[in-house]
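Take a look at the structure set out below.
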DNA sequence: AAGTCCCACGTC
DNA sequence: ACGTGGGACTTC
């Protein structure tokens, strides 16, 4: 009996939507021993001359294709770098967003590094990886949550919104981290102890630093892997290869870590899912949260969304019963003091725009420890305007807004950085500039005068700072860049609430609450957190430490207005013709409506709104239209022989940018 | 995207 | 009758 000839089903790496599917190739006898799902191959495409890269997805003996099969051109390497569970995830999230699985795979598999790969293959051949017993892991205690609840949830593969404890804790080695990091690390130990991996996604390197520190306190270093954008490509590739092994690992990283290989996955935990850094800016724009939800469904692992506040998306999932909630065993609310703008009593406090309550709290706290001052923007004067007509000053080169970085520096563009030496107003020909607003630098200078003799520390994008000590100091930081103070801040002043709320976005409210809650969580227990100049529902939600109530109220509004995430949206951009056809293709679907189309700089744009239940149908229909637009014959302009550019159609799901309240 | 086939038109 | 150039078509 002869064994049937193997056929490799290959995902060809191409940006073309019509090629985003499997192609079947005969496997030459010489390659039969080398191919397996996940290996990189080179394949002929269309004609002998053209060779494309691809991944073997399956090896089968029978296929539906009736034509003559081409043969694989070459096996690039025998390392199975594209894991089957990653293929399934890429396909599913791409389908959900009417995008290409290839685009997701490009995010999921780092660029090949030959040396790194050879070294990995060599250790694998030795049997080293699997033969050596992995360092043992015991489940760490999840103090502050009801006994065993989180551990049980992981064992049972439950899905939860987890309310983080707003405290700073000291690790055994003395490092200070947010309590959330220790909770996430402890959850990871439960996953690993049960024989499964844990994927831990955080928005930025600052959070990653805390999480890694917390993990190192409870896990052997051999069980921790990081995969993030700041790594060099060889490091990233090495980490990727490590994830392919059989040893359960804690895999830490930023948004793309949800696509890391992890065969026996026991837990996905996402920290602060409302942070915009969790939104993937590359097509098909899959958010960490959505990828995590899809992957949980496919692999049946536990899923936690941890946060000091709650995104409206997670609140929706809680309300429909898709996610449960896990809260700390007792109340850990920070002591929040909302303060309307009051006339400051101290002259210097007036200059520094600090109301008297805040000034008194800061002064008292500075006797014993550090005080955090959160502001909206970095630099000295974040914005400049014409002193004559008041119009915002813009850059001559790129039209970006001008600002100054220090009290003495030349005004410069905040986008392109070019100095604006001899500025004249585009509106009235005025030449004098007026400073608008106060950034970290100016606030620090003003506070230095209001609190003479006190050490002032600045932390913002230009001056990153992760930690400050427990000695008295004024720490002026932009939102999201706040350092952790040893033992917690003795007072926290949230200064620019009004300014932050002035931003035009559907998410201002939840963003502000997230920024304030994350800053409040850095306070020492019982230390005052003064929210300046903001009242209403947001101030109440922060003061009562019930951010989920705010999210729930926000969701009520979004339902009334049919705004995301009450419904889903797809932004459809293209030519008048392609957009019209795309809209026609979904016209019959119940629960879908269309805003537009209207003309924009990027072409004709329409926004489709639809219920979650219609998501698959909408995505499928729009995907078909994308392929149709990409393969449509070029049309000839009557009378001319020049072909028009290919008709294009772009579709982006769940982008809230177009929605402004 | 890009190689190949094919048809139409042009020239001898 | 034969050459060639631009488009349409397809990718296992």
Worksheet item: Of the residues A:82, A:45, A:69, A:22, which single one is under 26 Å from residue A:261 (Cα atoms), surrounded by 13 or more Cβ atoms within 10 Å (Cβ to Cβ) and within 10 Å of DNA strand C (Cβ to nearest atom)?
Response: A:22
Discussion item. Just to be sure before I move on: is residue A:628 within 16 Å of DNA strand B (Cβ to nearest atom), over 22 Å from residue A:312 (Cβ atoms) and in contact with a helix residue (DSSP H, G or I) (Cβ under 9 Å, 6 or more places away or on another chain) in the structure I sent?
Written reply: yes
Worksheet, complete the sentence: How many residues of the stretch A:156-186 are farther than 22 Å from residue A:314 by Cα and more than 24 Å from the chain's Cα centre (by Cα)? The answer is 7
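Of all residues in the stretch A:39-53, which are over 12 Å from residue A:11 (Cα atoms) and either modelled with pLDDT of 95 or more or under 38 Å from the mean Cα position of the chain (by Cα) (or both)?
A:44, A:50, A:51 - these are the residues of the stretch A:39-53 that are over 12 Å from residue A:11 (Cα atoms) and either modelled with pLDDT of 95 or more or under 38 Å from the mean Cα position of the chain (by Cα) (or both).
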Fill in: Residues satisfying the stated conditions in the stretch A:188-216, i.e. in contact (Cβ under 8 Å) with a residue 60 or more places away in the chain, more than 19 Å from residue A:243 (Cβ to Cβ), in contact with a helix residue (DSSP H, G or I) (Cβ under 8 Å, 6 or more places away or on another chain) and surrounded by fewer than 22 Cβ atoms within 10 Å (Cβ to Cβ)
A:203, A:204
Item to complete: Go through the stretch A:138-166 and give me each residue that's surrounded by 20 or more Cβ atoms within 10 Å (Cβ to Cβ) and not in a helix (DSSP H, G or I).
Response: A:139, A:140, A:142, A:145, A:159, A:160, A:161, A:162, A:163, A:164, A:165, A:166
Worksheet item: What is the number of the single condition among (1) modelled with pLDDT of 65 or more; (2) over 19 Å from residue A:568 (Cα atoms) that residue A:621 does not meet?
Response: (2)
Worksheet item: Restricting the stretch A:584-603 to residues that are crowded, with 19+ Cβ neighbours inside 10 Å and not in a loop (DSSP other than H, G, I, E, B), which is nearest to the chain's Cα centre (by Cα)?
Response: A:592
Fill in: Test set (1) within 26 Å of the chain's Cα centre (by Cα); (2) under 30 Å from residue A:333 (Cβ atoms); (3) surrounded by 19 or more Cβ atoms within 10 Å (Cβ to Cβ) - residue A:549 fails condition number
(3)
Practice prompt. Pick out the one residue from A:135, A:130 that is more than 27 Å from the chain's Cα centre (by Cα), modelled with pLDDT under 95 and either assigned to a loop (DSSP other than H, G, I, E, B) or surrounded by 18 or more Cβ atoms within 10 Å (Cβ to Cβ) (or both).
Written response: A:135
Worksheet entry | Criterion: within 16 Å of DNA strand B (Cβ to nearest atom), touching a strand residue (DSSP E or B) at 6+ places or on another chain (Cβ under 8 Å) and modelled with pLDDT of 95 or more - qualifying residue of A:10, A:56 | A:10
Discussion item. Checking the structure you have, find out if any residue of the stretch A:81-97 is touching a strand residue (DSSP E or B) at 6+ places or on another chain (Cβ under 7 Å), away from DNA strand B (no atom under 16 Å from the Cβ) and assigned to a strand (DSSP E or B).
Written reply: no
Worksheet item: Tell me, which strands (runs of 3 or more DSSP E) wholly within the stretch A:233-344 include 2 or more residues that are over 21 Å from residue A:150 (Cβ atoms)?
Response: A:335-339
Practice prompt. State which residue pairs qualify: first residue more than 18 Å from residue A:538 (Cβ to Cβ) and inside the stretch A:552-566, second residue part of a helix (DSSP H, G or I) in any location, beta carbons under 6 Å apart, and separation of 6 or more residues or different chains.
Written response: A:565/A:312; A:565/A:313; A:565/A:316; A:566/A:558; A:566/A:559
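The values are calculated or read from the model by the stated rules, or taken from the named source; none is laboratory data. On a predicted model such as this, the values are computed, not experimentally measured, just so you know. Cβ atoms come from the backbone with ideal geometry, glycine included; neighbour counts cover every protein chain shown.
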